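The values are calculated or read from the model by the stated rules, or taken from the named source; none is laboratory data. In this text, all values refer to a predicted model and were calculated from it rather than measured experimentally. Here the Cβ is made from the backbone with ideal geometry for all residues, glycine too, and neighbour counts use every protein chain on show. To get the accessible areas, we keep the full protein, side chains included, count just its heavy atoms, and leave off ligands, DNA and RNA. Shrake-Rupley method; radii C 1.70, N 1.55, O 1.52, S 1.80 Å.
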Amino acid sequence: MAGAYGADLPKVPEWLNKGDNAWQLTAATLVGLQSMPGLVILYASIVKKKWAVNSAFMALYAFAAVLLCWVLLCYKMAFGDELLPFWGRGGPAFDQGYLKDRATIPSTVKKFGNGTIEREAVTPLFPMATLVYFQFTFAAITTILVAGSVLGRMNIKAWMAFVPLWLIFSYTVGAYSIWGGGFLYHWGVIDYSGGYVIHLSFSFCILCTSPCRFLGEITKQVFSDLEASKYQMAEYRISIYGRKMSEWDQLASWIVNNDLYSENVVWLIQLPRLYNIYKDMGIVTSFQNILDNIFIPLFESTVDPDSHPQLHVFLKQVVGFDLVDDESKPERRPTKHMPTPAQWTNAFNPAFSYYVYYCYANLYVLNKLRESKGMTTITLRPHSGEMHLYSSRILVVQNSNKLEFEKLLLVSCDDPT
């Protein structure tokens, strides 16, 4: 104790700005409090009771594991000397001599083309210990935010392995590339608030960890609520665009793999009229491509259910097709000289009546085939405004006995007679 009151005490370094240091520590602590206990309590409270403890410990473990990985290896991978244009050379960052020196980010040195220094490395007015702690809290909260996408869906053991791997191979890459003096930094990319390093990093991770399964689980929960209410029914709409034949199998796989079946729910398939967009993008060469992509998988599944087993199951729940479009757009008037779908290679969209006729023709044949095999049929139920009502009425009445339009007074906007 006597030494603390001696006359010859170590001086405060000239480079240290007490205000900068105090604010840096305060800001880092506020970020840390958002993780511990903030997100720990939040995650435990928003999930079902049986997952509460697991979710809380996922956040708690992430905070602790990131601290160990950060000082053992990851800090210098994100803010150390260059190893690769997007990665620093890893190493420990807990030595006393290293932590008490002035903070510096060595890779932020900028040089001219001839090798002379344009700008020295970034050297804040506080010690390295403050910078290591400050950056740790951001690495920790980013990792904990990733946990929010897998709550109730990931075992704690799997999470324990995921955290250090994601920190090393994902977070440090973004941090070094922009903040640590990597290639994006030298290209002039600036990130003052973590929009790239933090938000973009965990957002892409969330997108990869829960793209379709998460939506499937939410949809299944809605199905459960409908079944519990007993008398509530729903008809869900989902789109098939006709860009490629695999769309049907991808949709059916999502339906079957997530067990999205309920006696209270049926599905209606929407067919957007987007030929002109796909033509401009080079996805299709003619209107026949879209018809093939929509109907060939259906015929194959009907003729041989084993060729598309999941699609065969899904079609049992499909009740109809709908044609959708922006009806505020001017409509091209159909004529008897219009080319066949294989010859329709124009850049503009076919008329609505052209679309609905060829969908009706294919669907009529498909339904006859399905009827002969004792399978469910699909009705044509185009979403028609005043401009399209006349052509829809003629084809829908023929295709479906479930819709009755005979008592409606129908007027064609093209031909009032």
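Things to note:
- Protein heavy-atom surface of the stretch 64-130, 1.4 angstrom probe: 62% of the accessible area is carbon and sulfur, with nucleic acids and ligands not counted.
- Accessible surface for the stretch 149-223, divided over its residues, is 52 Å² per residue with a 1.4 Å probe.
- Loop-resident sites, the stretch 172-267, for GluC sites (Glu not before Pro), counting at most 13 other Cβ within 10 Å (DSSP): 263
- Flagged links, alpha-carbon separation over 26 Å, of 76/110; 76/111; 11/110; 11/76; 316/368; 18/111: 11/110; 11/76; 18/111
- The phi-based Karplus calculation (6.51 cos²θ - 1.76 cosθ + 1.60; θ = phi - 60°) puts the 3J(HN,Hα) values of the stretch 184-200 at 5, 4, 6, 7, x, 6, 10, 9, 7, 10, x, x, 8, 5, 9, 5, 5 Hz, whole numbers, x for Gly and Pro.
- For residue 320, residues with placed amide H under 5 Å, excluding near neighbours: 269, 379
- Per-residue ³J(HN,Hα) for the stretch 363-376, Karplus 6.51 cos²θ - 1.76 cosθ + 1.60, θ = phi - 60°, Hz, x for Gly and Pro: 5, 5, 5, 4, 5, 4, 5, 5, 4, 5, 9, x, 9, 5
- Whether the stretch 14-79 is rounded, prolate or oblate, judged on the alpha carbon gyration tensor where a/c under 1.5 counts as rounded: oblate
- Residues in the stretch 1-143 average 58 Å² of solvent-accessible surface per residue, probe 1.4 Å, ligands and nucleic acids excluded.
- Amide H to amide H, with H built 1.01 Å from N, residue 103 comes under 5 Å of 126, 128, counting only residues 5 or more places away or on other chains.
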